[in-house]
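The values are calculated or read from the model by the stated rules, or taken from the named source; none is laboratory data. Because the structure is predicted, anything quoted here is derived from the model rather than measured. Methodologically, a virtual Cβ is constructed for each residue, glycine included, from the backbone with ideal geometry; neighbour enumeration extends over all protein chains shown. Quick note on the areas: whole protein, heavy atoms, side chains included, nothing else; ligands and nucleic acids left out. Shrake-Rupley method; radii C 1.70, N 1.55, O 1.52, S 1.80 Å.
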Amino acid sequence: GLGWGLLGAAPMVLLFLGLSQLPLGPLQQISKFTDEVIYPLLEPCTLVDLLGIPLLAGLGEEMLFRGVLQGAFARYLPGLVALGLASVLFGVLHAVTLTYALLATLMGVWLGLLWIWTDNLLVPAVTHAAYDFVLLLWLLRGPGRPAEASADEVAAPEQPD
């Protein structure tokens with residue numbers, strides 16, 4: 001499950017990296033939200049924090065959206081309808097912008113399909129956690145950092161007393 005979960009994160013990471021290079025208006029809204037809200041909130045986090053947050057989110061959210069909701073919907077509805085409902089709920093509850101909600105819905109579909117294909121909740125949980133971890137590293141420690149954060153670190157040399 002761990003290996004499949006890590007492998008399952010690759011398409012999501014590649015999609016994120018590809019979309020992050022596109023200067024489209026709706027994607028810029030997500031970037032602005034990230035720079036103004038997410039970065040200041042999580043910037044003080046240590047590497048251990050940045051690992052713990054995705055692990056807890058990946059496990060908790062997948063237990064809820066796949067294990068509970070998609071599983072319960074599948075008892076009463078066809079599998080693809082159950083997948084769709086759980087994915088839409090996943091997207092709605094991640095709706096910082098309309099575009100982000102749509103992207104989260106698509107990711108919910110992917111995570112739900114991984115669960116269906118493998119019949120192992122660990123797979124989407126690891127996929128979700130691995131994706132979130134890579135994303136947090138990219139946004140907080142890597143090239144996805146806000147421009148002013150990078151500029152602040154290259155401040156003018158200190159003036160002698």
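Test Ala95 against the criterion of being outside any helix (DSSP H, G or I) and surrounded by fewer than 19 Cβ atoms within 10 Å (Cβ to Cβ), and give yes or no.
When the stated conditions are applied, Ala95 passes them.
Kindly provide the set of residues from the stretch 84-113 that are within 16 Å of Gly25 (Cα to Cα) and not hydroxyl-bearing (Ser, Thr, Tyr), ordered by number.
Residues satisfying the conditions are Val96, Leu98, Ala101, Leu102, Leu103.
Within the stretch 62-81, track down each residue that is open to solvent by less than 50 Å² (accessible area, probe 1.4 Å) and either in contact (Cβ under 8 Å) with a residue 24 or more places away in the chain or not in a helix (DSSP H, G or I) (or both).
Result: Glu62, Phe65, Arg66, Gly67, Gln70, Gly79.
Which condition does Leu89 not pass, out of (1) within 29 Å of Leu140 (Cβ to Cβ); (2) open to solvent by 30 Å² or more (accessible area, probe 1.4 Å); (3) outside any helix (DSSP H, G or I), if it passes all the others?
The failed condition is (3).
Table: residues versus (1) part of a loop (DSSP other than H, G, I, E, B); (2) at pLDDT below 95; (3) open to solvent by 20 Å² or more (accessible area, probe 1.4 Å); (4) out of contact with any Ser or Thr (no Cβ under 7 Å at 6 or more places or on another chain).
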residue	(1), (2), (3), (4)
Leu83	no, no, no, yes
Leu102	no, yes, yes, yes
Leu111	no, no, no, no
Asn120	yes, no, yes, yes
Val123	no, no, no, yes
His128	no, no, no, yes
Ser150	no, yes, yes, yes
Ala155	yes, yes, yes, yes
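Quick one: count up the residues across the stretch 13-45 that are open to solvent by 70 Å² or more (accessible area, probe 1.4 Å) and in a helix (DSSP H, G or I).
So the answer is 8.
Can you confirm whether Val48 is exposed (fewer than 15 other Cβ atoms within 10 Å of the Cβ), farther than 20 Å from Leu103 by Cβ and either hydrophobic (A, V, I, L, M, F, W, C) or touching a strand residue (DSSP E or B) at 6+ places or on another chain (Cβ under 6 Å) (or both)?
yes
Hey, could you check the stretch 16-29 for residues that are farther than 14 Å from His128 by Cα and under 15 Å from the mean Cα position of the chain (by Cα) and say which is modelled with the lowest pLDDT?
My answer is Leu27.
Can you name the residue in the stretch 51-61 that is in contact (Cβ under 8 Å) with a residue 60 or more places away in the chain and out of contact with any Ser or Thr (no Cβ under 8 Å at 6 or more places or on another chain) and, of all such residues, is least open to solvent (accessible area, probe 1.4 Å)?
Among those residues, the one meeting the criterion is Pro54.
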